[in-house]
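Let me begin by presenting the structure, written as structure tokens, before commenting on it.
The values are calculated or read from the model by the stated rules, or taken from the named source; none is laboratory data. These figures come from a predicted structure and were not determined experimentally. All Cβ positions, glycine included, derive from the backbone under ideal geometry; neighbour counts span all protein chains shown. Side chains included, ligands, DNA and RNA excluded: accessible areas come from the protein's heavy atoms. Shrake-Rupley method; radii C 1.70, N 1.55, O 1.52, S 1.80 Å.
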Amino acid sequence: MAEDYAVEAEGLIKNFKETKALKGIDLAVPRGTVLGVLGPNGAGKTTAVRILATLLRADGGHARVAGYDVAKKPSEVRKRIGLTGQYASVDEELTGRENLLMIAALLNMPGRSAKARAKELLEWFDLTEAADRTLKTYSGGMRRRLDLAASLTGHPEVVFLDEPTTGLDPAKREDMWDVVRDIVGRGTSVLLTTQYLEEADALADDIVVINHGEVIAHDTADNLKRVVGSQTLRVRPTTPSNADAVKEILAGVATDRAPIDEYRPGEYSVPVLDDSALSTVVAQLAARQVNVTELSLQLPSLDEVFFTLTGQRQRPSTDAAEAGQDQEVAG
């Protein structure tokens, strides 16, 4: 593995009886970055994470994490990673502080260092006031924050976040996003699987799309959005009486004479081929003395890209197929 990669996997294969969960996927996470892994239900995202985190053994291919082969040196890998799964894995019978101290003990941290690290993490995740309460009294968002804190106890080089914001409300999800940005800013590398397309858009430096156990796309969010092939230009005139003028101007730059869409009441949009349409519209609005309150040129949403690539709309739900695979492994 090149020194500038925190995670590198080549040709990973995993089968569960008749199910081919992974069909030779490649993944790479440059150090200090976030790789977003997207895919429909049953695509193989969680299976890939479990292999990289040494919880499953691949049937083919190889992978290195933090410089160590996951099959040959699993104990070395475990010392250097943190993992937050789809469901909080902390102990409900213990307090928040006790959970973190237990993880520290499992990592063989000296007592004084363990207490200091637990205190630091509780403060960082805004859990100090609840530190000595049992997890039975924690809300879902508090448990998720503690779960992520637990995965950071040992100052990991690499963190695997497998749908870390599942079940959180939008405000709490954004709080978690801030935490992810913070840990990456401190030098940690992150592999993130998510059912929320806007989450990958907000956090990931690069995105891999997996479908049926294969990588079908790998690029930045902006470049993937260009897969759809057009951008959308939106204009809201200040005065409703200028609506006809705005429509006429937009019709002149619309792709393939596409019809004008009233995106919201009083706001009009058309698909355009490239950035040049914006300057054309600005010049024509000025020439006709049409004032606007909104003017934007937008790439397609990541959701549209996902649908184009996979033919499926992504939904925030449990990956039932992969859950069944995990049960089979456990059994």
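Surface exposure of the chain, expressed per residue as accessible area with a 1.4 Å probe, stands at 48 Å². Taken about its Cα centre, region 1-80 carries a charge dipole of roughly 360 debye when the Cβ of each Lys and Arg holds +1 and the Cβ of each Asp and Glu holds -1.
Residue pairs exceeding 27 angstrom between C-alpha atoms, taken from 23/225; 23/72; 73/225: 73/225. Reported to the nearest whole Å, the Cα centre-to-centre distance from region 113-127 to region 156-205 is 20. One decimal place: the segment residue 238-residue 93 gains 46.3 nm when fully extended, by the rule 0.36 nm per residue minus the C-alpha distance. Quick one: net charge around residue 298, please, counting Lys, Arg +1 and Asp, Glu -1 for every other residue with C-beta under 10 Å from its C-beta. Value of the local net charge: +2. Taking the Cα centre of the chain as origin and assigning +1 to Lys and Arg Cβ atoms and -1 to Asp and Glu Cβ atoms, the resulting dipole is close to 720 debye.
When you work out D = kT/(6 pi eta Rh) for region 194-309 at 25 °C and 0.890 mPa s, using the Kirkwood radius from C-alpha pairs as Rh and the Stokes-Einstein form, the result is 158 µm²/s. Mean separation of Cα pairs under 8 Å and 6 or more residues apart, divided by the residue count, gives the chain a relative contact order of 20 percent. In terms of packing, defined here as the mean over residues of other Cβ atoms within 10 angstrom, the peptides 205-211, 284-290, 304-310 line up highest first as 205-211, 304-310, 284-290. Helical content alone sets the calculated 222 nm signal of the chain at -10500 deg cm²/dmol, taking -39,500 (n - 2.57) per DSSP H segment of four or more residues and averaging over every residue. Counting only lysines at least 8 places from residue 119 when in the same chain, those with an alpha carbon closer than 26 Å to its own are 79, 136, 172. For the chain, the longest principal axis of the C-alpha atoms and the axis of helix 320-330 are separated by about 10°. Annotation: peptides 104-114, 160-170, 212-222, ranked by per-residue average of other Cβ atoms within 10 Å with the highest first, follow the order 160-170, 212-222, 104-114. Relative to the longest principal axis of the Cα atoms of the chain, helix 276-287 runs at roughly 40 degrees. For the pair region 224-244 and region 37-80, the centres of their Cα atoms are 43 angstrom apart. Just to verify a number: FRET efficiency for residue 291 and residue 255, C-beta to C-beta distance, R0 = 25 Å, to 0.05? Efficiency computed from Cβ-Cβ geometry: 0.45. Surface composition of the chain: carbon and sulfur make up 48 percent of the accessible area, probe 1.4 Å. For the pair residue 280 and residue 134, the difference between a 0.36 nm per residue extended length and the Cα-Cα distance amounts to 46.4 nm.
Across all C-alpha atoms in the chain, the radius of gyration and Dmax reach 23.6, 73 Å. Across the options 34, 185, 62, the greatest Cα extent toward the positive end of the charge dipole of the chain (unit charges at beta carbon of Lys, Arg, Asp, Glu) belongs to 62. Relative contact order, percent, of region 174-297 when contacts are C-alpha pairs under 8 Å separated by at least 6 residues? Worked out over region 174-297, it gives 23 percent.
Using the Karplus relation 6.51 cos²θ - 1.76 cosθ + 1.60 with θ = phi - 60°, the per-residue 3J(HN,Hα) values for region 171-177 come to 5, 5, 4, 5, 4, 5, 4 Hz, with x marking Gly and Pro. A Cβ-based charge dipole, computed about the Cα centre of region 224-271 with Lys and Arg at +1 and Asp and Glu at -1, lands at about 260 debye.
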